[in-house]
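Note sheet for the following structure.
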Amino acid sequence: MKKYYCFGLLISLLIISGCGKKDININYKSNPEPLLQNAYIKLPLGIVKPSGWLKSQLENQSEGLTGNLDDFWPDLVNSSWRGSNGEAWERGPLFPRWSGSLAYLLNDERLISKVKKLD
């Protein structure tokens, strides 16, 4: 009986000590005081690396239309957003953003150089 009492006391102390602790993010920038802390922190690009099935899907995307869209869609290269006389829709500035995330996630030098050229 004494054994169960000690075990219960130990568990209670662990629970109580964990509940009073304030979770503070020390790894990434968040809102400064007195602002409320964010529930989720935006991680720097590239800190999380894909692997397995997801990595192969992203590689397929990089080698497919997403990674070569500028070859099929001249409006992206001649966009008014880039000072040219092409269309002025948001496709022009959004393509480098989308494919840029993909390029840096995969560390794909070919796609990174394409994105830098279009940005």
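Bear in mind these aren't lab numbers, they're just calculated from the coordinates by the rules spelled out. Owing to the predicted nature of the structure, the values given are computational and were not obtained by experimental measurement. Glycine gets a Cβ as well: all are built from the backbone with ideal geometry, and neighbour counts include every protein chain shown.
Extension gain for the segment Arg97 to Asn68, taken as residue separation times 0.36 nm less the Cα-Cα distance, is 9.0 nm to one decimal. Sequence-ordered 3J(HN,Hα) estimates for segment 108-114 from the Karplus curve with 6.51, -1.76 and 1.60 and θ = phi - 60° stand at 8, 4, 4, 6, 4, 5, 4 Hz, glycine and proline given as x. Here the 3J(HN,Hα) profile of segment 87-93, calculated from phi with Karplus coefficients 6.51, -1.76 and 1.60 at θ = phi - 60°, is 4, 10, 6, 6, 4, x, x Hz, Gly and Pro shown as x. With 23 Å as the limit on Cα-Cα distance, the pairs of Lys49/Lys114; Lys49/Lys116; Lys29/Lys117; Lys29/Lys55 that go past it are Lys29/Lys117; Lys29/Lys55. Taking K and R as +1 and D and E as -1, what net charge do the other residues with C-beta under 12 Å from the C-beta of Trp73 add up to? Around Trp73, the charge tally is -3. The charge dipole of segment 43-119, taken about its Cα centre with unit charges on the Cβ atoms of Lys, Arg (+1), Asp and Glu (-1) only, comes to about 240 debye. As a rough guide to protection, the peptides 53-61, 31-39, 93-101, 70-78 ranked by mean Cβ packing within 10 Å, highest first, stand as 93-101, 70-78, 53-61, 31-39. Spin-label model, Leu36 to Ser12: label points 7 Å out along the Cα-to-beta-carbon direction sit 3.4 nm apart. Sequence-ordered 3J(HN,Hα) estimates for segment 49-62 from the Karplus curve with 6.51, -1.76 and 1.60 and θ = phi - 60° stand at 9, x, 8, x, 4, 4, 4, 5, 5, 5, 5, 4, 5, 5 Hz, glycine and proline given as x.
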